[in-house]
Structure formats: structure tokens, C-alpha cells
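The values are calculated or read from the model by the stated rules, or taken from the named source; none is laboratory data. On a predicted model such as this, the values are computed, not experimentally measured, just so you know. Positions of Cβ are generated from backbone atoms using ideal geometry, with glycine treated the same way; all protein chains shown enter the neighbour counts. Protein only, heavy atoms only, side chains kept; ligands, DNA and RNA dropped before computing areas. Shrake-Rupley method; radii C 1.70, N 1.55, O 1.52, S 1.80 Å.
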Amino acid sequence: MGNSKQLLVVKLGGSSASSSDLSRWVRALDQASIPMVVVPGGGPFANTVRRYQPKLGFDDRAAHEMAILGMEQFGLALISLSTRMVSARNRGEIEAAIEAGDIPVWLPRDVALSAPEIAQDWSVTSDSLAAWLASRLTAKHLCLIKQIDVPEGADVEALIGAKIVDDGFADYLGPTSSVHVAGPGDLSSAGIRLAEGKVPGHVLQRHAAALAAAV
């Protein structure tokens, strides 16, 4: 991707669907002056899949695809709330949207289900998919928007241990992306930072394995 040196991949957590902060985050993202791709979380849509799996008995592969469809549902909601966001299913559509000055929202079903390196079960959440996409696009930055504030100086391993991201997150994370986590405390300045070409939130210390791979 020609502008990957500045590309920012933002994962907007589906948990924000039930928060009054959601519309404010969308407005902040709409102000971005750098090329950006939004990866939607699954939120209440994926949680419904989790809740009904033991009741209905469908397997993990079906649950994985249903949860990805939950991400797409939240993505469609974001597009409706935004003045700049448009749907994008693959690299070509992402590039075309950025070229047009739009903000692509990645609807991951087609690509994620056909990539052999992506596990087809609950071990992969939208955080890992965002990390995978950032690596695939050689994005300069990855920003995870969460409903909690993460302490400055935290590292990727701490987030995994605290179940803030899934266990496989570091495995999907490319060696070149800087990882930021933004929470409610970052919201008030997020629009200004994005308009200035900066990334909201705290920079995470990199996973030791990822650092070794980057050397």
C-alpha cells in the first residue's frame, strides 16, 4: 500500500456499542488527517453468538463465522453514524476508499475466512483480526479503542494476561506496527490528535517475541 508508512488501523471495540461514548469516538475518527482503516469489534452481536452456542450446540467454526458477521453488523452501524466511513471488504476496496479521502471500515468475512493462518474458533477475536490486518497492510500504527483506560507503560503481555486482548493477539501482530490503546480518558483529545495526524492513547511496550523478530 503506497501510504502504509502513515497508515493507522483502528479497532473500535464493540463494547462501545452500549456506551454514550460511541458517537463521540465516531466523530473523533471522522477528523483524522492520516489514512485510516477501522476494524469493528463484535460487541453485543458476537456476545449473542456466545450466549446461544451452548443452547443450540453449533460448533466453534460456525460460531467464529457468526461472530465475524457480528463484527460486520457493528461495522454497518458505524458507517451509518459517520460522515466519512464506507464499507471495504479487501485490500483493493481499502485502498480505493483511502484514495477517495474516505475512511474504510473493514468487513472481514470474505478475507478472514479464506486466510489459512487465521484460526477458525474463539481464540481469534476482533483484536487479533485488527493486528493481522495491520501486519498485512504494513500499517505504521495500530490503535485499540477500549472501554477501560490502560496504565501508561503497560505492555502487550500485560494486556493478554488481563484478558484485555485475546491470547493470540501477539502472534498476529506484525513487527513493524506500533500499538496504542485508547480509553475513555483519551476521548476528549482524540479528535484533535487525529486531526493533527497523531494517534490517541498510550503506546504499548512491544511483546518480547515481536521485538526479537523486528531485529
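Which one, Thr125, Ala170, Ile148, is farthest towards the positive end of the dipole of the chain when Lys and Arg carry +1 and Asp and Glu -1 on their Cβ? Going by the charge dipole, the pick is Ile148. Computed over protein heavy atoms with a 1.4 Å probe, the accessible surface of the stretch 8-90 works out to 44 Å² per residue.
For Met36, the residues 5 or more places off, or on other chains, whose built amide H falls under 5 Å of its own are Leu8. Between His180 and Leu142, Cys143, Leu144, Leu204, the built amide H atoms are under 5 Å apart, and every one of these is 5 or more places off in sequence or on another chain. Over all projection directions, the Cα-based convex hull of the stretch 1-125 averages an area of 7.9 nm².
The calculated 222 nm mean residue ellipticity attributable to helices in the chain amounts to -13000 deg cm²/dmol, summing -39500 (n - 2.57) over DSSP H runs of n ≥ 4 and dividing by all residues. In the full protein context, the stretch 143-192 carries 42 Å² of accessible surface per residue, based on a 1.4 Å probe and ignoring ligands, DNA and RNA. Couplings for the stretch 22-29, taken from phi via the Karplus curve 6.51 cos²θ - 1.76 cosθ + 1.60 with θ = phi - 60°, read 4, 5, 5, 5, 4, 4, 5, 5 Hz in order; Gly and Pro are left as x.
Taking amide H as placed 1.01 Å from N in the peptide plane, Asp155 has its amide H under 5 Å from the amide H of Gln205, each at least 5 places away in sequence or on another chain.
When the square roots of the Cα gyration tensor eigenvalues are ordered a ≥ b ≥ c, the ratio a/c for the stretch 64-151 is under 1.5, which makes its shape rounded.
For the chain, the carbon plus sulfur part of the accessible surface works out to 52%, probe radius 1.4 Å.
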